[in-house]
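The next block holds one structure in the form of structure tokens; read it before the comments.
The values are calculated or read from the model by the stated rules, or taken from the named source; none is laboratory data. Note that the structure is predicted; figures quoted are calculated from it, not measured. Quick reminder, even Gly has a Cβ in these numbers, built from the backbone with ideal geometry, and neighbours come from all protein chains shown.
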Ligand SMILES: [Zn+2]
């Protein structure tokens, strides 16, 4: 996956009178494998490779991406980026200088034990086929699928002020799904909710016996849901598993804290935020149990890295500490514009997009309680796993989420299985009702490849990790 392009050499092909120039080379290969209803349906391998040329002219950044990585191609792209920045500078509402692109050198290789070639396409297909068979626990499983996509990515970034960064990643997306049907009654169970699980690690993840055990459980639970009672409706406690917490964090914290969104950049497209610039350092976002971090250092999480796409060094930072909002998701440009502290989250989805403020790994830090402690505190409530549906307004405030699988909790004990568990809330009151946070043993690491934002649209990878959490007096309802 190493490129034979000499990106430093190409920097000298740029001959425009810019204040600053940066080149970002991205190579990415996808190898998807999928078994749907017993048949292999995805077995190709696709790649994309190109360079984004960035220039700073009269205080404005201009961008031009090209797959033509010759000196001529880069020179021509630089002229177009220059033109764009020059025109934009006549209508500027903010002037940047070189400090928006600090100079850093370094490298990152995502940790793995077994590389992609260590598990042949044939062997991986065989595991997926066996997993598919393990999902089919009964004739009532009307549809099942198992899938895995291996992703290999290399980023290189060089700039006229001396940045020289190389980062290589090995990642995968993995999911299992079983839909049970009995007449019009239909229930789907998946591995990790509708977004599957996504990690930054090697083929050591694909332990056949663990995958088959999970496939079996998912198939059994889909069947179990067919005859389960509907989730009760009313105000009661909710114990939420990490594979639903990931979406709760993503939608009601992650997007709400993107500083470019708070500044209004996304207002006509992805929306705005209920959080205001003056809230940082003052807003009690949630209860004292709530500690949210931007953590690009957690090993094996999907969006770990050492530098963002503006060359900023990535470090773990608290966004919310003991419930208090302390820091935003703003890269160097947003930090300069807003005057707020931020993080290294200026990221582009590929070589043909300009970086913007994104989530990376946004995690809820573990607390003290065991799973049993959390359940034992509930007199009457519902335990919920795996996201099935979601909806949140464009201020990231009022939301409604549905899960795949629920268990009724009565007098401190989990009793019967319930189907269609849903809950709704408003971001701050909901997080202020966080009453208990699970310990490391309840901690789950998830991620999604599908976070969309920006014009033109960019779909990017994010990671979310969380323990199991207890919220008190939540509006819970069945049906849907
Ligand atoms: Zn998103």
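Some notes on this structure:
- Taking the listed residues 113, 128, the one that is closer than 24 Å to residue 205 by Cβ and in a helix (DSSP H, G or I) is 128, with no other qualifying.
- Here residue 424 meets the list (1) farther than 30 Å from residue 259 by Cα; (2) free of Cβ contacts under 8 Å to residues at least 60 places away in the same chain almost entirely, failing just condition (1).
- Test for residue 423: is it assigned to a strand (DSSP E or B), within 16 Å of the ligand (Cβ to nearest atom) and in the same structural domain as residue 348 (by TED's automatic domain parsing): no
- When the strands (runs of 3 or more DSSP E) confined to segment 1-60 are screened for residues that are closer than 27 Å to residue 109 by Cβ, those reaching at least 2 such residues are found at 20-36, 46-57.
- Residue 437 touching a residue at least 60 places away in the same chain (Cβ under 8 Å), assigned to a loop (DSSP other than H, G, I, E, B) and more than 16 Å from the ligand (Cβ to nearest atom): no
- Of all residues making up segment 393-407, the number that are surrounded by fewer than 22 Cβ atoms within 10 Å (Cβ to Cβ) and more than 25 Å from residue 176 (Cα to Cα): 6
- Residues located in segment 452-466, provided they are near the ligand (Cβ under 8 Å from one of its atoms) and buried (at least 21 other Cβ atoms within 10 Å of the Cβ): 453, 462
- Residue within segment 198-212 that is in the same structural domain as residue 364 (by TED's automatic domain parsing), more than 16 Å from the ligand (Cβ to nearest atom) and either outside any helix (DSSP H, G or I) or crowded, with 23+ Cβ neighbours inside 10 Å (or both) present: no
- Per-region count, segment 249-264, residues in contact with a helix residue (DSSP H, G or I) (Cβ under 9 Å, 6 or more places away or on another chain) and either part of a helix (DSSP H, G or I) or within 16 Å of the ligand (Cβ to nearest atom) (or both): 10
- Boolean, residue 192 is on the phi > 0 side of the Ramachandran plot, buried (at least 23 other Cβ atoms within 10 Å of the Cβ) and not assigned by TED's automatic domain parsing to the domain that holds residue 326: yes
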